[in-house]
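Nothing in this text is a laboratory measurement; each read-out follows from the coordinates by a stated rule. Since the structure is predicted, the reported quantities are computational estimates derived from the model, not experimental observations. Cβ: placed from backbone, ideal geometry, glycine included. Neighbour counts: every protein chain shown.
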Amino acid sequence: MTKSLLIIAVAVVISGCSTLPDYKFAKAGATEADFHRDKTQCDDEAFSAANVLRLTYIEARNNCLVKKGWNQIAPK
């Protein structure tokens, strides 16, 4: 019984991870280093208490990147 529950729990976790969208961003004239710098700043901002209460982390981070001029490309 315990083994069955463990297998089910692992399957649920794995299936949940595979459904996360792959967010991509583009900005004319920007380098990969520019993106990583802005993403790091937005990660920090998204972890603030105000954003955690208002939005999910990913929504807050993505909104921050858009404010910095990055265009979100729809996940495939």
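Excluding E32 itself, what net charge comes from residues whose Cβ is under 14 Å from its Cβ, given Lys and Arg +1 and Asp and Glu -1?
Net charge in that neighbourhood comes out at +2.
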- Item | Built amide H within the under 5 Å cut-off of F25, gap 5+ | I73
- For A30, which sequence-distant residues (separation of 5 or more, or a different chain) have an amide H within less than 5 Å of its own amide H, given hydrogens modelled in the peptide plane? none
